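See structure below.
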Amino acid sequence: MFKYKEVPDDKKVKLVALKLHKYASIWWSNILTKRGRKGKSKIRSWRKIRKKLRAKFLPPHYLQDNYTKLYNLRQEPKSVEEYTQEFKRLVMICDLREDERQIIVHYLGGWNESLRNVVEL
């Protein structure tokens, strides 16, 4: 959304904070209060708020489970389109930072053998 709307970095944290509801909003207010008491500066980077949100609201095994799903993902019985969408989703969730060539090798490695052989030719 940030890229699509071309949100400047200095506005991202405020925008995310506005979108928090119920418990998440209370949690965020508490974070700000605690930081103020400790004399720490406000959180101004998207990277930092994202890290805090993930630490608080995602279970510890969430990323590991998704890495496992990504590395065990196989095209069959899915269509190539379904496989591709699931592969892209998992790559984004895992924030995979591998070289593009490595990602392509892994992507093709999950295809069924007959498709993989055609592509390799």
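Read-outs: derived from the displayed coordinates by stated rules, not from any lab. Every value quoted in this text rests on a predicted model; they were computed, and no experiment measured them. Here Cβ is always computed from backbone atoms with ideal geometry, including for glycine, and neighbour counts include all displayed protein chains.
Things worth noting here:
- In sequence order, calculated HN-Hα J values of the range 69-85 (Karplus, 6.51, -1.76, 1.60; Hz; x Gly/Pro): 4, 4, 6, 9, 5, 10, 5, 6, x, 6, 6, 4, 5, 5, 4, 4, 5
- Cβ charges +1 (Lys, Arg) and -1 (Asp, Glu), total dipole of the chain, debye: 1700 debye
- As a length-normalised measure over Cα pairs under 8 Å and 6 or more apart, the relative contact order of the range 62-120 settles at 45 percent.
- Cα-based equivalent ellipsoid of the chain: semi-axis lengths in Å, sorted from largest, via gyration tensor: 39, 15, 13
- Considering only 96, 77, 114, the residue lying farthest towards the positive end of the dipole of the chain is 96, judged by Cα position with unit charges set on Cβ.
- Between residue 24 and residue 100, the C-beta separation translates, for a Förster distance of 30 Å, into a calculated FRET efficiency of about 0.30.
- Pair-distance distribution of the range 62-120: all C-alpha pairs, bin width 10 Å, starting at 0; shares per bin in whole percent are 23, 57, 19, 1.
- Exposed loop sites are taken as GluC sites (Glu not before Pro) in a DSSP loop (any state but H, G, I, E or B) with at most 12 other beta carbon atoms within 10 Å; the longest stretch of the chain without one runs 7-97.
- Contact order, relative form, for the chain: 20 percent (alpha carbon pairs under 8 Å, 6 or more residues apart, mean separation divided by residue count).
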